[in-house]
Amino acid sequence: MQAQGFDALQGSQEMYGRTGRAEGFTCTFDPQGLFLHLSMR
């Protein structure tokens, strides 16, 4: 897994990148840094 970037949004943060199989992913975290959601593309 390779993180490619981070974005701060209203009330949350996102980390996005690619897996070893070249699948895109986005992880969303709340303001305290707790995991909220994982999206695979």
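Quick look at the numbers
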{"quantity": "The one condition in (1) at pLDDT below 90; (2) touching a Ser or Thr at 6+ places or on another chain (Cβ under 7 Å) that Asp30 fails to fulfil", "calculated": "(1)"}
{"quantity": "Qualifying residue in segment 3-16 (condition: surrounded by 10 or more Cβ atoms within 10 Å (Cβ to Cβ) and outside any strand (DSSP E or B))", "calculated": "no"}
{"quantity": "Tally, over the chain, of residues that are out of contact with any Leu (no Cβ under 9 Å at 6 or more places or on another chain) and of a type in the set (Val, Ile, Thr)", "calculated": "1"}
{"quantity": "Hits in segment 1-20 (condition: at pLDDT 90 or above and acidic (Asp, Glu))", "calculated": "Glu14"}
{"quantity": "Near pairs, Cβ below 6 angstrom, 6+ apart or cross-chain, from segment 1-30 (farther than 18 Å from Arg41 by Cα) to any residue that is β-branched (Val, Ile, Thr) and surrounded by 10 or more Cβ atoms within 10 Å (Cβ to Cβ)", "calculated": "Ser12/Thr28"}
{"quantity": "Meets criteria (touching a Cys at 6+ places or on another chain (Cβ under 9 Å) and hydrophobic (A, V, I, L, M, F, W, C)) for Leu36", "calculated": "yes"}
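The values are calculated or read from the model by the stated rules, or taken from the named source; none is laboratory data. If you're wondering where the values come from, they're calculated on a predicted model, not measured in any experiment. FYI the Cβ positions are ideal-geometry reconstructions off the backbone, even for glycines, and counts take in every protein chain you see.
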